[in-house]
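The values are calculated or read from the model by the stated rules, or taken from the named source; none is laboratory data. This one's a predicted model, so the numbers in the text were calculated from it and none came from an experiment. Cβ sites come from the backbone with ideal geometry, for glycine too, and all protein chains shown count toward neighbours. These accessible areas exclude ligands, DNA and RNA; they are computed on the full protein's heavy atoms, side chains included. Shrake-Rupley method; radii C 1.70, N 1.55, O 1.52, S 1.80 Å.
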Amino acid sequence: MTNSEDTAASRRSRQADVAREAGVSQSTVSVVLTGAGEHARISPETQRRVVEAARRLNYVASVQPRTVAWQMPGPETLPLLLGVHTFEPIFPTSARDYYFEFLRGIEEQAGAEGHNLVLFTAAQDEDGVRRIYQGRVNSLRQATGSLLLGHHTHRDDLARLAADGHPFVYIGHREVPGADIAYVGGDYRSATVQIVDELVAMGHRTFAYLGETLRDEPQIDRWEGFSSALGRFGLPIPTPAFERPEELTAQWLDACLAAGTTVVMIESAALLRVLTAMASLRGLSIPDDLSVVVLVDDPGAESGGREWATLRVPRNAMGRRAVRLLTSLITDPHGDYERQILLPCTQTLEGSVSPPRAATA
C-alpha cells in the first residue's frame, strides 16, 4: 500500500468520498444523509445508492453529542445506541408487511450515521399494547434515545417519557396533551385534499367515506382533508361510517348507491376487503360502477391481486428522517430545528378510479 493509500485508509470517510463512490454531488449526499431526500424529490434509487456507498466507506457523521444529565457515564462519542420500540408486535417482518419500509429506513439511516440499534419488545398489557414503563421503570433507559412506532399508541407512556427527559421520536403524527413530543409523520391531510381535487376534476360529485373506529391523528387528518376539500367545492359532505369491518353491512352500500355515490374513500385494507365482497355480490364492477380510493398505500393481502388507487405514505423516508431528528435531539437538545415534521405524501388514482358514468355519457 502506498503512503497516499495508507493515509486515505486511516482517515475518516467524508461526504466527498461518499459522493464519488455513489456518483452523485456532495450536496445530494448531504441531503440524503440528513433524511431529507424524499422532500427534495431525490429518487429512491439515488437515495439507496448514497446510503449503500456510505455503508461501504463506513461513513460516520462528524458530530459530537453534548454531555447531558441522562447520558451514560463516561465520554460519549458516536456511535449512539438508539432504541426501537413498537407498541404492538411487528417483528419478524417481511418485505410485504406495512412496517417493513419504516424499519428499513431506520436501519439505513442508522447505518449511514454509524449508530447502533437495539430492539425493545416489552410484554403486552391486557389491551394488547406493549408498554414502555414496567411500574416505575422505563424499559428504554439503556438506549441513548428511542424511536417509537405502532398503530396502537399508549399516550400515557409518551407523556411520561417526555416528562422524564428521555429523547424520543414517534414515527407518525401523534399529539399528547401537555407535552410537545417530537414526531415524523406523513402529511395525510394535504394528500387527501389533492385526491379529492383530482376526483372532482374527473366529474365525481357524490362521495362516501369508510373510516376506522380508532380515530388517532392519521385517521383524523385524512377525514379533515377530505371534508375540507368537499367544503371548498361546495359539495355535500357525507356522514362518515366509522365501522369495524365485521360490522359493516350491505345496507350501507345500498344506501350509498341510492344516494348517487360514485366514489368511496376507505381508510383501511380490512374495510376494503368487506366492501369489495359486497360489491361483487351485487354484481358491481370497480371502477366502472363504483370508484374506490384506499387511503393507505399497501392494501396487501386485501388487494385481490389488482391495482388500487392509493395514498402513498413515505414510509422509508419517515424512518430515516426520524433517525436524523433523534440524533439532533441527543446531540443538540436545545438547537433551533423543527421537531414536529410532516413529510409530503403522493397518490395515484390508477387501477380503481374512473370518471362517473354521468360524466362520460
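Listing for the model above:
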| read-out | value |
| --- | --- |
| Matching residues in the range 263-282 - criterion: being open to solvent by 10 Å² or more (accessible area, probe 1.4 Å) and under 21 Å from residue 98 (Cβ atoms) | 268, 269, 270, 273, 274, 276 |
| First in the range 13-29 and among the acidic types (Asp, Glu) and part of a helix (DSSP H, G or I), second anywhere and modelled with pLDDT of 85 or more and surrounded by 20 or more Cβ atoms within 10 Å (Cβ to Cβ), Cβ under 8 Å, 6 or more apart | 21/53 |
| Any hit, the range 229-241, residues being charged (D, E, K, R) and closer than 21 Å to residue 296 by Cβ | no |
| Odd one out for residue 256 among (1) open to solvent by 10 Å² or more (accessible area, probe 1.4 Å); (2) under 24 Å from residue 315 (Cβ atoms) | (2) |
| Given (1) at negative phi; (2) modelled with pLDDT under 90; (3) surrounded by fewer than 23 Cβ atoms within 10 Å (Cβ to Cβ), index of the condition residue 143 fails | (3) |
| Some residue of the range 307-324 being surrounded by fewer than 16 Cβ atoms within 10 Å (Cβ to Cβ) and more than 12 Å from the chain's Cα centre (by Cα) | yes |
| Answer residue from the range 110-129, given it is in a strand (DSSP E or B) and open to solvent by 30 Å² or more (accessible area, probe 1.4 Å) and is modelled with the lowest pLDDT among those | 124 |
